[in-house]
Protein chains: 2
Amino acid sequence: MVSLLDVARAAHVSKMTVSRVLNHPDQVSPEIIADVQQVIAELGYVQNRAGRALANNRHYNIAFILLDDINEIEPYYAHLLMHLTDELRHAGYTLEMRHDRNFDLTNVDGFLVSGARGSDFELLQSLTVPVVIYGTEPGIPSVDIDNKAGTQLATNALLDAGYARLIYLGIDMSEPFAINREVGYRDAMLTAGRTTEIYHLPNDEHAAQAFLADLNLCGNTGIVAATDRLGLGALRAGRSQGLTVPTDLGIVGFDGIYIHQLAELPLTTIQQPLATIAQHMVALLMKQLAGETVTSVYVVPELLHGATTA
Amino acid sequence: MVSLLDVARAAHVSKMTVSRVLNHPDQVSPEIIADVQQVIAELGYVQNRAGRALANNRHYNIAFILLDDINEIEPYYAHLLMHLTDELRHAGYTLEMRHDRNFDLTNVDGFLVSGARGSDFELLQSLTVPVVIYGTEPGIPSVDIDNKAGTQLATNALLDAGYARLIYLGIDMSEPFAINREVGYRDAMLTAGRTTEIYHLPNDEHAAQAFLADLNLCGNTGIVAATDRLGLGALRAGRSQGLTVPTDLGIVGFDGIYIHQLAELPLTTIQQPLATIAQHMVALLMKQLAGETVTSVYVVPELLHGATTA
DNA sequence: GATTGTTTTGAAAACGTTTTCATTATTTTT
DNA sequence: AAAAATAATGAAAACGTTTTCAAAACAATC
């Protein structure tokens with residue numbers, strides 16, 4: 001392994017000069033910069049991160065902590081992770097994967113956290129390094145989609161399409177996002193002067209299908225689903241009752257990764273903009289590392305038009 | 001941050017003794033081990049990885065390189081990654097995520113690679129650190145499922161169920177796994193004295209659905225699909241032709257993550273045993289780090305019985 | 001042309017650990 | 001009980017970088 005000292009010797013300068021070429025080139029004369037850079041290229045020198053970490057106590061490494069249980073990991077995490085990796089690399093950082101409550105910070109400059117809940121938040125707030133969560137929690141810098149705006153979009157799309165009856169299929173309200181999605185539907189309906197019709201189900205396509213089978217949908221109905229899984233169940237319930245989608249039954253899901261593509265008809269859905277989310281998460285972290293204080297960011301999702309709306 | 005020296009002072013021993021308690025406890029007297037461990041606990045000491053890396057040139061960090069394009073990432077990677085993270089942590093290592101051709105090894109003791117192809121393999125072979133790939137390539141330690149055994153399982157399941165006609169829906173043969181899956185079907189059919197019927201399609205449920213719509217399936221047919229996507233298409237084609245699944249039409253897919261669960265009927269499939277794969281990948285890497293030479297591992301997948309076979 | 005100020009470079013120490021080697025304490029052998 | 005062998009401990013150096021401080025080179029001012 002070629003070290004800073006090797007470069008220094010080959011370029012007939014001191015280690016410090018080489019270090020400065022890499023970190024503070026403004027403090028070095030142009031000719032020497034050129035020389036050193038050429039030697040670096042010739043020797044194939046790469047900075048040793050352990051040495052650097054030891055010297056200046058920064059690790060250029062961010063831990064992404066995914067706290068969801070392994071059986072409940074949404075498939076879009078693969079994408080989020082890739083985007084985060086890209087963004088961090090672009091900022092000169094690596095991403096370390098964790099999926100336990102290991103907040104050890106000996107090797108890390110900050111945390112990106114997803115799936116935190118309850119007592120996790122207190123722990124996160126007590127940390128001495130920057131944190132950004134994917135989700136929402138007062139007092140912790142976070143990135144989240146604007147769930148309310150999402151269901152407003154969905155509801156308005158179905159209202160515009162002219163469905164006579166507009167149902168909201170919601171899930172358990174224990175998580176903030178579930179509440180906000182419902183509020184979005186409620187608000188949009190209120191604004192339009194329409195009566196709301198809300199049901200709560202487990203987040204499972206079979207549950208939705210069974211529930212709607214009993215509900216007798218009877219045509220000209222729109223369904224705002226809190227998740228794509230519920231949307232998928234609605235689609236199946238409708239078709240098995242002989243309803244034509246989207247003529248008799250319109251459906252908008254929520255999340256927009258994988259599930260909607262694999263449905264019998266491509267599901268119209270509210271798309272999680274994962275690339276944008278990743279950008280914001282890394283940006284908030286970098287700002288904190290630079291000493292700025294930051295507030296949370298809410299990304300307005302987009303309506304992805306499939307075949308289940310007119 | 002509390003350092004080794006702090007612990008040493010508090011325990012009235014030298015730094016070395018503390019280091020030995022952590023790395024070579026057999027060389028330290030039992031009473032001192034107990035003392036030091038208590039001080040470590042009291043002070044909340046955590047080993048500094050940069051210092052350790054610098055001193056012994058090991059980083060206790062493995063890079064997982066995912067080379068697939070971001071738009072082609074299979075959702076089950078989220079799971080594979082979680083399992084790899086777990087296994088590595090268990091072995092005392094962290095997982096660093098990469099998804100580019102950055103084989104920089106200044107911060108890393110080895111590589112786990114998925115999605116490598118063509119020239120990647122030469123590069124991987126020229127590296128000075130251990131590598132394990134997910135897939136198959138002569139000369140590189142790898143973990144892969146036994147694709148041939150998988151389609152044999154699938155084919156035999158359908159043969160046992162007594163379907164009169166048994167079709168194989170395959171994909172482009174450019175990747176070794178595609179070839180092996182087809183060979184498995186062929187072998188099983190030959191062994192049973194049956195005539196093969198093989199078609200190649202793009203790996204897309206709509207393509208499969210369209211293709212089978214033209215084929216006129218006519219009942220008592222079994223389909224061995226090279227992927228769950230094709231299996232899903234087959235399911236839809238069959239149902240839209242009025243065939244009852246699994247009575248008139250039996251289907252077995254391949255891969256077993258997400259897609260089969262979301263299908264109209266749970267798809268019988270050949271399940272990728274991701275936990276087992278992760279275990280083997282990490283085990284092969286650890287063996288190499290310990291100086292052993294290793295060979296590749298092929299994991300026989302299991303038939304996951306859904307509702308598309310009798 | 002001396003004085004001040006600025007830019008450029010270098011030397012030494014520091015970060016936290018482990019390795020190597022030397023020393024001391026303990027046990028075993030004679 | 002002395003000698004030899006072994007076990008337990010410590011001191012110093014090393015890993016590769018950056019920080020801090022000092023020195024040298026150069027430019028600008030009087």
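The values are calculated or read from the model by the stated rules, or taken from the named source; none is laboratory data. Bear in mind the structure is a predicted one, so any value in this text is a computation, not a measurement. Cβ atoms come from the backbone with ideal geometry, glycine included; neighbour counts cover every protein chain shown. Protein only, heavy atoms only, side chains kept; ligands, DNA and RNA dropped before computing areas. Shrake-Rupley method; radii C 1.70, N 1.55, O 1.52, S 1.80 Å.
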Scope the stretch B:81-99; condition under 30 Å from B:Pro202 (Cβ atoms) and more than 7 Å from chain A (Cβ to nearest Cβ); matching residues: B:His83, B:Leu84
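Rundown of residues vs (1) free of Cβ contacts under 8 Å to residues at least 60 places away in the same chain; (2) out of contact with any Leu (no Cβ under 9 Å at 6 or more places or on another chain); (3) surrounded by 17 or more Cβ atoms within 10 Å (Cβ to Cβ), yes/no style:
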| residue | (1), (2), (3) |
| --- | --- |
| A:Gly219 | yes, no, no |
| A:Ala226 | no, no, yes |
| A:Leu232 | yes, no, yes |
| A:Ala237 | yes, no, yes |
| A:Thr247 | no, yes, no |
| A:Phe254 | no, no, yes |
| A:Ala263 | yes, no, yes |
Inspect the stretch A:174-191 for any residue being farther than 15 Å from A:Gly306 by Cβ and either within 13 Å of another protein chain (Cβ to nearest Cβ) or in a loop (DSSP other than H, G, I, E, B) (or both) and give the result as yes or no. yes
Look at A:Arg20 and say whether it is within 12 Å of DNA strand D (Cβ to nearest atom) and touching a Lys or Arg at 6+ places or on another chain (Cβ under 9 Å). no
Criterion: among the hydrophobic types (A, V, I, L, M, F, W, C) and within 14 Å of chain B (Cβ to nearest Cβ) - qualifying residue of A:Leu153, A:Leu105, A:Leu166, A:Leu159: A:Leu105
So A:Pro273 fits all but one of (1) touching a helix residue (DSSP H, G or I) at 6+ places or on another chain (Cβ under 8 Å); (2) in contact (Cβ under 8 Å) with a residue 60 or more places away in the chain; what number is the exception? (1)
Considering only strands (runs of 3 or more DSSP E) wholly within the stretch B:201-310, the ones with at least 2 residues that are out of contact with any His (no Cβ under 9 Å at 6 or more places or on another chain) are B:221-225, B:249-255, B:302-304
For residues that are more than 42 Å from the chain's Cα centre (by Cα) and β-branched (Val, Ile, Thr), scanning just the stretch B:1-52, find the one that is most open to solvent (accessible area, probe 1.4 Å). B:Ile32
Which condition does A:Ala55 not pass, out of (1) within 11 Å of DNA strand C (Cβ to nearest atom); (2) surrounded by 14 or more Cβ atoms within 10 Å (Cβ to Cβ); (3) within 14 Å of another protein chain (Cβ to nearest Cβ), if it passes all the others? (2)
Within 30 Å of B:Asp100 (Cα to Cα) and more than 13 Å from DNA strand C (Cβ to nearest atom), is that true of B:Leu66? yes
For A:Asp69, state whether it is at the interface with another protein chain (Cβ under 7 Å from one of its Cβ atoms) and out of contact with any helix residue (DSSP H, G or I) (no Cβ under 9 Å at 6 or more places or on another chain). no
Go through A:Ala63, A:Ala116, A:Ala78 for me and flag whichever is under 14 Å from the mean Cα position of the chain (by Cα), facing another protein chain (nearest Cβ under 9 Å), crowded, with 21+ Cβ neighbours inside 10 Å and of a type outside the set (S, T, N, Q). A:Ala78
Could you please let me know if A:Ala50 is aliphatic (A, V, I, L, M) and within 12 Å of chain B (Cβ to nearest Cβ)? yes
Tally, over the stretch B:279-302, of residues that are under 21 Å from B:His83 (Cα atoms) and open to solvent by 50 Å² or more (accessible area, probe 1.4 Å): 6
